[in-house]
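Novice: After the structure tokens below, expect a handful of questions from me.
The values are calculated or read from the model by the stated rules, or taken from the named source; none is laboratory data. Not measured: the values here are computed from a predicted model. Glycine also receives a Cβ, built like all others from the backbone with ideal geometry; neighbour counts cover every protein chain displayed.
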Ligand SMILES: Nc1ncnc2c1ncn2[C@@H]1O[C@H](COP(=O)(O)OP(=O)(O)OP(=O)(O)O)[C@@H](O)[C@H]1O
């Protein structure tokens, strides 16, 4: 069932943030490439700019600049929304609105239905309004049965779709948030410390879900603070505005360095 190959390409990425002492450069002129099927871990000291770089990749960082391309197509060919559907940023803290886990997982579909539907989606409506009618069209597009099957395939049999999302444990919430993003089928997944604060068992489940997604052709960049788990193909280290890339050898221990970029 041939997996389509592609490259995500970021060139000349810079980020300058405002600070009380004037503008502060977080990183400058960074190049980064990840292929479909590859897992790259992004590590580095706290505050080095890892999240800023990932949000820049997803066109969510107004302080960043640079050139982005996916499968040879420049990001300017896409609206930010189209881009983020292909290059999905997954934040550390799961945001799971809705009355049930199924609602929370269906959120992107509900928003899409509202977006192209009756023209009443103007951003001022509350969540209760959003989920009020439990959108039949969103349910049609992503039925409970498909969500159930997907969660089960991800080893999430423990998650009850009808539970309120706020009842989930931290590990379950992290997996639901990941499952929701994977169901939208992005080409690139930018995972920002999604295993932070999880016990080893849940961190392992999250990692294994991502390994399966990568095996199906997704490109995955993970910000991690945990010890290497042997899942990454390459390790990118961001420090002092420079990005250093090396090949991971099993546990990411020994490796040849190949400096990619200098500030
Ligand atoms: N919008 C902003 N305005 C001002 N400063 C910002 C903004 N966004 C990020 N920064 C600063 O940029 C620096 C890099 O932040 P970032 O969150 O990207 O680092 P990080 O490496 O992901 O950190 P951590 O590992 O602690 O999550 C920090 O000093 C942060 O305070």
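Novice: Go through (1) under 28 Å from residue 142 (Cα atoms); (2) buried (at least 20 other Cβ atoms within 10 Å of the Cβ); (3) within 16 Å of the ligand (Cβ to nearest atom) and name the single condition residue 87 misses.
Specialist: (3)
Novice: Please verify whether residue 147 is at pLDDT 90 or above, surrounded by 20 or more Cβ atoms within 10 Å (Cβ to Cβ) and not in a helix (DSSP H, G or I), treating the condition exactly as stated. Spell out how you get there, then give the answer.
Specialist: Values: at pLDDT 90 or above: yes; surrounded by 20 or more Cβ atoms within 10 Å (Cβ to Cβ): yes; not in a helix (DSSP H, G or I): no.
Answer is no for this residue.
Novice: Restricting the search to the stretch 50-79, which residues are free of Cβ contacts under 8 Å to residues at least 40 places away in the same chain, within 13 Å of the ligand (Cβ to nearest atom) and either loosely packed, with under 15 Cβ neighbours inside 10 Å or over 18 Å from the mean Cα position of the chain (by Cα) (or both)?
Specialist: Hit for the stretch 50-79 is 62, nothing else.
Novice: In the stretch 186-209, what residues are within 17 Å of residue 38 (Cβ to Cβ) and under 12 Å from the mean Cα position of the chain (by Cα)?
Specialist: Going through the stretch 186-209, the residues within 17 Å of residue 38 (Cβ to Cβ) turn out to be 186-191, 207-209.
Result: 186, 187, 188, 189, 190, 191.
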